[in-house]
1. Find how much the distance from ARG54 to ARG257 grows on full extension, using 0.36 nm per residue of separation minus their present alpha carbon separation; answer in nm with one decimal.
2. Once Lys and Arg get +1 and Asp and Glu get -1 on their Cβ, which of LEU235, CYS294, PRO253 lies farthest toward the positive end of the dipole of the stretch 68-380?
3. Could you work out the longest stretch of the chain that avoids the GluC sites (Glu not before Pro) located in DSSP loops with at most 11 other Cβ atoms within 10 Å?
4. Which ³J(HN,Hα) values in Hz, rounded to whole numbers, follow from the phi angles of the stretch 144-149 under the Karplus curve 6.51 cos²θ - 1.76 cosθ + 1.60, where θ = phi - 60° and Gly and Pro get x?
5. On C-alpha positions alone, give me the angle between the axis of helix 11-20 and the longest principal axis of the chain, in degrees, nearest 10.
6. Relative contact order for the chain: what percent, with Cα pairs under 8 Å and sequence separation of 6 or more?
7. Pull up the DSSP beta bridges for the chain and report the antiparallel fraction as a percent, rounded to 5.
8. Multiply the residue separation of ASP212 and SER315 by 0.36 nm, subtract the distance between their alpha-carbon atoms, and state the gained length in nm to one decimal.
Amino acid sequence: MTTVNLLDFDLDSLAAFCEQLGEKRFRAVQLFRWIHQKGASRFDEMTDLARSLREKLPSVCHVAALPVLSRQDSTDGTIKWLFDVGGGNAVETVFIPEEDRGTLCISSQAGCAVGCRFCSTGHQGFSRNLSTAEILAQLWHAEFFLRRHLGKTERVITNVVMMGMGEPLQNYTALVPALRVMLDDHGYGLSRRRVTVSTSGVVPMIDRLASDVPVALAVSLHAPNDALRDVLVPLNRKYPIAELLDACLRYLPAAPRDFITFEYCMLDGVNDQPTHARELLHLLKTHGGRGVPCKVNLIPFNPFPDSGLKCSPRSVVLQFGKILNEGGLVTTVRKTRGDDIDAACGQLAGDVLDRTDAARRLAQRRTVVEQPIRFVSSTGNQQP
Ligand code: SAH
Ligand code: SF4
């Protein structure tokens with residue numbers, strides 16, 4: 001008999017599940033806390049549950065993590081996991097420790113259907129949506145691994161960014177319960193401002209997120225006009241910039257902060273010229289009459305094989321940022337971290353498995369992970 005994975009449930013769904021078993025809501029709360037606050041996966045560990053319930057649970061449910069294909073530890077404390085999600089697919093999760101916080105970058109899909117020109121995940125194409133359990137298993141595994149690894153008893157992950165592989169707002173049904181568990185005081189207890197959804201601009205889902213679970217929003221803009229954005233982010237043909245910025249303005253009243261973060265990947269000679277900066281400044285300062293309250297995060301492009309693109313020189317990135325800053329837009333450049341593992345945004349699909357020949361690629365992946373490669377932090381737009 002197949003049993004359900006309790007990582008698939010937010011607290012309300014778990015309470016409904018428990019009710020079907022004839023159990024009261026407080027039992028669901030206990031169970032939920034064992035799983036998400038103590039990292040328990042075996043019911044016999046859950047000592048304050050009635051013995052009869054502990055004995056009944058294994059026949060109807062389980063708590064299943066994702067198999068870890070590899071883990072890479074950077075000398076600066078950054079850790080990257082490659083999780084097996086079956087069928088030859090794998091997704092990556094990255095932990096980035098900083099002085100005052102620990103950020104986990106989580107994947108929402110195996111591959112991505114948006115197909116952004118500069119993104120390795122996009123080049124891989126779309127494989128499938130992750131389930132709520134597969135999204136949460138990344139957090140669950142990372143949090144309790146890190147507690148053991150670092151010898152900590154309190155929470156290690158203080159921030160979550162949905163900036164791994166995939167477009168979270170194209171996997172909305174699975175995303176929302178996962179976000180709820182992250183925010184739940186009986187779950188991970190993260191505040192809404194410490195959980196960020198990054199989107200390439202799925203306009204209707206931005207509106208739904210505002211009413212369902214309004215966490216911090218990052219929007220991947222990458223271009224100051226539709227002609228260029230149509231090429232870089234193909235979803236723009238469906239939801240052009242003006243509609244996207246209108247959605248940002250509608251989101252703000254619900255948002256945990258009074259600004260939207262715009263991400264802008266700096267591509268040499270493509271979108272990085274002073275004219276682009278001035279056009280972007282004008283757009284963000286005037287859209288809708290009064291502009292969009294925002295911060296801009298410039299991301300140096302992380303190259304991957306066959307992209308045909310190059311990262312803008314540092315001086316060009318700084319000049320671009322200066323124009324925006326001087327025009328009154330708070331702008332930061334995403335910083336580079338260690339040099340020894342490959343965990344940069346947009347590169348996360350670089351080693352995703354070829355679905356037609358998973359075993360061979362898996363074997364290759366295991367050797368690849370041993371090699372030192374460059375790392376760029378993916379938390380530049382995060383606030384504590
Ligand atoms: N699909 C979502 C979230 C995942 S991508 C989105 O697009 O927002 C996370 C961030 O990494 C996005 O801002 C994306 O534009 C950026 N990114 C993708 N490929 C990149 C690359 N090669 N170099 C730098 N940033 C990249
Ligand atoms: Fe998908 Fe985001 Fe990559 Fe675009 S940048 S292809 S939306 S993961």
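1. 68.9 nm
2. Of the options given, the answer is PRO253.
3. Value returned for the longest uninterrupted segment is 155-369.
4. Running phi through 6.51 cos²θ - 1.76 cosθ + 1.60 with θ = phi - 60° gives 7, 4, 5, 4, 5, 4 Hz.
5. 30 degrees
6. 16 percent
7. Taking every DSSP beta bridge with both residues in the chain, the antiparallel ones total about 45 percent.
8. So the extension gain works out to 32.9 nm.
Rule-based calculations on the coordinates, nothing more; no lab input. This is a predicted model, so every value here is computed, not measured. Cβ: placed from backbone, ideal geometry, glycine included. Neighbour counts: every protein chain shown.
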